[in-house]
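A.B. asks: One structure, as C-alpha cells, below. Some questions next.
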Amino acid sequence: MNIILFGPPGAGKGTQAKYLVKKLNGYQISTGDILRNEIEKDTDIGKKIINNMNDGKFVSDEIVNNLLKNHVFDSNKKEKLIFDGYPRSLNQAKNLDLLLNASNQKIDHIFFLDVNKETIVERIKKRKILEKRSDDDLDTILKRYDTYIETTRPVLDYYSKNPNFHAIDGTMEIDEITSKIEAFLNV
Ligand code: AMP
C-alpha cells in the first residue's frame, strides 16, 4: 500500500508517517529528511540546497525529483511507500504519477491533514525548542507557510478528485488523527 500524507508544514505528517511505518511495515519517504541528510553529509547537492532550506524556500523540483526516484524504484520499498512532504508542487505530483506508473505502482490513499496557520505557528515554535531545527524560526515558518499556500495547496485540486482522497481535521489530537487514518485503511 502506498500512501501520501499531504498538508502544510507542521500539520503532523511526519508524526503520522512514523506511526504508519511501524503499523504497515512501510518506509517513510520524507524529502525533508532526505535533503537534510545531503546537507549533513556535505555532498554537492547539500552545498547547493543549504541556503534555500535555511530560508524556508523550496529546493528545486529537479533536485527533489531526482533524489526521490531511487526510493520509488527501490524493490524493497515497492508498495510500502509512505510519502511525507512530497509532492509539494504540481510538477512533483505529475512526476510522482510517472514514476509510479513506470514502476507498476499506484497511490492507494491520500490523506490531507488540514491545519490553520495559527495552529501551525504554535506547533512549529514548540518543535524548534524540542528539535532545534534551523528552519523553524518564526520568520522562516511564515515564509514556509506562504510557499505552501502558493505552490503546494494547488496540488489539492489535483488530488481531491481522487476517490482515495481523505481530508482530515489536523487540529485534532495525534491519536484521534491516527484513528481516522486507520479507519480509512481498514487496519
Ligand atoms: P520538511 O522536513 O518536509 O518540513 O522540509 C523541510 C524543507 O526541505 C522545506 O522547507 C524545503 O526547503 C525542503 N523540502 C522538503 N521537501 C521538499 C519538496 N518536496 N520540494 C521542495 N523542497 C522540499
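A.B. asks: All but one of (1) surrounded by 15 or more Cβ atoms within 10 Å (Cβ to Cβ); (2) over 18 Å from the mean Cα position of the chain (by Cα) hold for residue 126, so report the exception by its number.
C.D. replies: (1)
A.B. asks: Residue under question is residue 134, and the condition is that it be over 16 Å from residue 15 (Cβ atoms) and within 12 Å of the ligand (Cβ to nearest atom); does it hold?
C.D. replies: yes
A.B. asks: Now for a different question. Looking only at the stretch 26-60, how many residues end up being more than 7 Å from the ligand (Cβ to nearest atom), among the polar types (S, T, N, Q) and within 18 Å of residue 4 (Cβ to Cβ)?
C.D. replies: 1
A.B. asks: Residues 149, 177, 181, 141: which one is within 16 Å of the ligand (Cβ to nearest atom), of a type outside the set (Lys, Arg) and crowded, with 18+ Cβ neighbours inside 10 Å?
C.D. replies: Criteria check complete, one pass: 141.
A.B. asks: Based on what the data block shows, is residue 46 within 27 Å of residue 161 (Cβ to Cβ) and either open to solvent by 50 Å² or more (accessible area, probe 1.4 Å) or among the small types (Gly, Ala, Ser) (or both)?
C.D. replies: Spelling it out, it is not the case that residue 46 is within 27 Å of residue 161 (Cβ to Cβ) and either open to solvent by 50 Å² or more (accessible area, probe 1.4 Å) or among the small types (Gly, Ala, Ser) (or both).
A.B. asks: Taking the stretch 20-42 only, how many residues are of a type outside the set (A, V, I, L, M) and under 14 Å from the mean Cα position of the chain (by Cα)?
C.D. replies: The qualifying residues number 7.
A.B. asks: Of all the residues that make up the stretch 59-108, how many are open to solvent by 60 Å² or more (accessible area, probe 1.4 Å) and on the phi < 0 side of the Ramachandran plot?
C.D. replies: Number of matching residues: 17.
A.B. asks: I'd like the residue in the stretch 1-20 that is closer than 19 Å to residue 186 by Cα and open to solvent by 40 Å² or more (accessible area, probe 1.4 Å) and, out of all such residues, is nearest to the ligand (Cβ to nearest atom).
C.D. replies: Looking at the filtered set, the residue picked out is 18.
The values are calculated or read from the model by the stated rules, or taken from the named source; none is laboratory data. In this text the structure is predicted, and so the values were computed from the model without any measurement. FYI the Cβ positions are ideal-geometry reconstructions off the backbone, even for glycines, and counts take in every protein chain you see. We work out accessible area using only protein heavy atoms, side chains counted, and drop any ligands, DNA or RNA first. Shrake-Rupley method; radii C 1.70, N 1.55, O 1.52, S 1.80 Å.
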